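So the structure is just underneath, and the comments pick up after that.
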Amino acid sequence: MRERQASQGAGPARDFEAFVAGAAGRLLHTATLLTAEAPHDNPRARRLLTHALAHTYACWDRMRGEDPYDLARQCLAVRFARGAWHRYGALGRARPHPGSPLALLAPQQRLILVLRLYEGVGEEQTAALLGLPTERVHAVCDRATATLLHPPRGPAPAVTGPKVVPS
């Protein structure tokens, strides 16, 4: 009896392992974009991914025809949003990571931009996931895109006169 139960449990475990092998790379990239960390140094993104995969595994047996990638992506987004909103406020900024253009954006802007443009999630679906009106998602996505296309300029460099070199 135990052998039969063990062999029945091996199928879903193998299925989950196959899912992770196929989807973990893209999900990690999505998490890295959300956290605006460098691809080679992304501990927050890895933590987000670990939690999302753990949640997906916990729901694995109850999924009936649902796409596990959608569930994992949703978990990534919700967990990122909770952490970002809790720590920094809805429009607050995390410490930017140099080199990432997405570091210019507030967490909410990053989340909406990544879901809409990188993951291809529709406006209505994004709005429902985040509990926002569709118009707000559209406006935030437009503002984030404009910020990336036309980044704010820093202060102008100081102009100094010609240097005189004593001979």
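The values are calculated or read from the model by the stated rules, or taken from the named source; none is laboratory data. Note that the structure is a prediction, hence the values are computed from the model and not measured. FYI the Cβ positions are ideal-geometry reconstructions off the backbone, even for glycines, and counts take in every protein chain you see. Remember, those area values only see protein heavy atoms, side chains included, never the ligands or the DNA or RNA. Shrake-Rupley method; radii C 1.70, N 1.55, O 1.52, S 1.80 Å.
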* Asked: Among the helices (runs of 4 or more DSSP H) confined wholly to the range 60-156, which include 2 or more residues that are of a type in the set (Ser, Thr, Tyr) and at pLDDT 95 or above?
  -> 134-149
* Filter the range 57-78 down to residues that are within 20 Å of residue 121 (Cα to Cα) and in contact (Cβ under 8 Å) with a residue 40 or more places away in the chain and give me whichever is most open to solvent (accessible area, probe 1.4 Å). => 74
* Just wondering, is there one or more residues in the range 2-19 that are at pLDDT 90 or above and surrounded by 17 or more Cβ atoms within 10 Å (Cβ to Cβ)? -> yes
* Is it true that some residue in the range 42-52 is in contact with a helix residue (DSSP H, G or I) (Cβ under 9 Å, 6 or more places away or on another chain) and farther than 19 Å from residue 114 by Cβ? -> no
* Structure fact -> Within the range 115-135, the count of residues that are surrounded by fewer than 17 Cβ atoms within 10 Å (Cβ to Cβ) and either touching a Cys at 6+ places or on another chain (Cβ under 7 Å) or among the small types (Gly, Ala, Ser) (or both) comes to 4
* Report, ordered by the first and then the second residue, all pairs with beta carbons closer than 6 Å, sequence separation of six or more or different chains, a first member in the range 136-152 that is open to solvent by 80 Å² or more (accessible area, probe 1.4 Å), and a second member that is of a type in the set (Asp, Glu) and in a helix (DSSP H, G or I). => 138/123
